[in-house]
Structure formats: structure tokens, C-alpha cells
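In what follows, a structure is listed as C-alpha cells, so that the remarks can point back to it.
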Amino acid sequence: MAVKLSDFDFNIPEELIAQRPTPEREQSRLMVVWRDERRWEHRSFHELPEILTSEHFLVMNNSRVFPARLRARRPGRNEAIELLLVSEVEAGQWLTLVKPARKALLGQVLEIEDLTARIKSISGPGLRVLAFEGSPDVVKTAERIGEVPLPPYIRRPDRSLHAEDLLRYQTVYAKRTGSIAAPTAGLHFTRELLERLSARGVDRCEILLHVGYGTFQPVRVDEVDYHRMLPEYFEVSEESATFIRTLKASGRMLVAVGTTTTRVLEYLARDGNLPSGGASGMCDLFIYPGFSFRILDGLLTNFHLPRSTPFLLACAFAGRELMLECYREARDQGYRFYSYGDAMLIV
């Protein structure tokens, strides 16, 4: 039976869409969901070391967000064209989300401060491949002139909160630059909380998935089987793969921090377990209800947008009806939603 996108819809009052992070990362609320027992409990994120035990271990995505949103204009015009760098397709050429797309026709030249780029090709709705002139280090330039690539439901009338966003729209364990959106489940951790988890015997390791357009690309078909995820780059070191295989073999429970981590792990575990060595490549795994999980025991995640691929993944893991119930409860209890919002632990 086809899985219908319309079955994953819900309404969230605008006032519950978090516009700023909590004053302290671990002050976020945490809904703990026991999927087999179909029950939940309201806790605080700082209580996570009291909830997890030495039977659990965490796998986290250490990708770092860069200021991938740039402002461009056509030569000689006083205008603002918004660019969101998605991924480098080859040296000096970037797949880019352009808004408004009607101003970025094939061959059009765009000026981005001291950079010049030309529209080389059209890749889809709003998506263009930009060829930058010369040999600029585009990421380095973006670090200098770019803006934090906050999602559109977080409204910033000006750049007054830019410094706060640079700090808070980033996990404390971020290392490798390459994401255009934060792996938001990890935003709640502080270094002190990680130390408390370690003291509790909750081990952890890190993997990498550079969050790209694939993660938040809208699903535009009602039969979700026909949706295709754009591939995103991942790496799992041999050390992390061995760590995960060893702990799983000993009977410990793997809790993935975020849907991006989940997709990499399940992509690599399609044959039942992770490869014996490390792995890298492009992950295009789309997880939706009906998916058979091979390696996941728990999921730490945020509250996601309706009809989105992360919400479909959560429903695949915990069940659609239970997730919709939990989201209704979160709404009624005044939880904060989406990227800067509260968290959910599903075990």
C-alpha cells in the first residue's frame, strides 16, 4: 500500500516555532518516548545522563555549518538575490539554491561582493550551478561575507543576531566544515553534559554527514515512494566503524543523535552491519514508514516540520500514529518546534 504524504500533516501554531535558542543549550525540554509501550514522559535535556545508562552509546554527526547564504545582484542593478551554496560539484562550480530563480537564467552573470559567477546550468526548481570566475576559495570567502544559513521559518529582520547564530547554530563538537544546515539534534549538548554522560558510562563516537539540500528538500509527490533524496557526502572512520560494531556485538544499544546520523548508519548497515573498515561516499537513503531498521536502537531528534523527510524518518522508527500523538502532546504542552526548538528521545 502506497505511503501518502498527506498522512504526515499537522498544524503548529506560529508562536511555537522557536526563533531563538534557549539561553543555555541544555535548558531545552526533552520528551522521552518509549515506542514499544506507546508512552512518553516530559523531562529536561540536562537530565539526559539520568535517562541513558551504560547500556547505551551515542553516535553523533560532527559536520560544521558554514555561512553558506550569500547576497548577489545582476551587474548594474540595485537588488538582492539570495544564494544558498549547496555543494561543490567540481572545482569552482557550486550547486546553489537561488531566490528569486527568475533572476538567474542560463548564462546570467551575478556579482557577490568581490566575486563574480555565471549561471552554468539549471538543475531543478530554484537550483542552479554557478561557475565562479578565477579560482576563489568559495568557502573561505563565505566565512568572511556570508550569513548563517538559518531556515526560512526563523525570521531575522536584520543581522543583529548574526553573532549569536554563528555560535548557537553549531554543535559544540563540530569539526569538519561542509554543512548548509545544522544537525539540530546535537545543538542541545554542552561539553559539560557530554562529560556527565561519559561519567555515566555512555560512550560515544563521531561520524560525518555534510547536511545539504537533500535533508530539507521538500517532498513534492503525494506517494512518497517516488521521492528521491539528493545525495550528501559522508565519512565513517575505521575507528568509529569498529567502535560501533564492537559495542553492538556486546549487546549495547545504539542511540543516533539526529536523522542525518541515522541515515548514514542505516545506509551502511543495509547488509546487516557496518563494513569492517571505514567508508565514505554519497548517501541518498530515504527512510520512511515501511523501512526495516538494521542497526538503530534509539533516536535523539528535534521536532520536525510536517511532511518533511526527517519527520517521515521519525515515523518510520516509532510509528506514524504514535508520532502524531506525541506531536499533538508537545503542541498542547507548549514545546518549542523545529531547529532551535526542543528535543525528543525515542527508545
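Just so it is clear, none of the values below were taken in a lab; they were calculated from the coordinates. Because the structure is a prediction, the values reported are computed rather than measured.
Gap in Å between the Cα centre of segment 51-84 and the Cα centre of segment 17-41? Taking the Cα centre of each part, segment 17-41 and segment 51-84 sit 22 Å apart. Adding -39500 (n - 2.57) for every DSSP H run of four residues or longer, then dividing by how many residues the chain holds, sets the calculated 222 nm ellipticity at -6000 deg cm²/dmol. Taking the Kirkwood radius as Rh and the Cα radius of gyration as Rg, segment 1-120 has a ratio of Rg/Rh equal to 1.13. How far is the Cα center of segment 319-342 from the Cα center of segment 233-265, in Å? Between the Cα centre of segment 319-342 and that of segment 233-265, the gap is 26 Å. Once C-alpha pairs closer than 8 Å and six or more residues apart are averaged by separation and normalised to the residue number of segment 186-332, the relative contact order reads 24 percent.
Restricting the calculation to Cα atoms, segment 69-146 shows an Rg/Rh of 0.91 when the hydrodynamic-style radius is the Kirkwood one. Based on the Kirkwood approach, the hydrodynamic radius assigned to the chain is 21.0 Å, with every pair of different Cα atoms included. The mean sequence distance of close C-alpha pairs (under 8 Å, at least 6 residues apart), as a share of the length of segment 128-267, puts its relative contact order at 20 percent. For the chain, DSSP calls about 70 percent of its internal beta bridges antiparallel. For segment 218-347, how big is Rg over Rh, using alpha carbon atoms and the Kirkwood form of Rh? My calculation puts Rg/Rh at 0.98.
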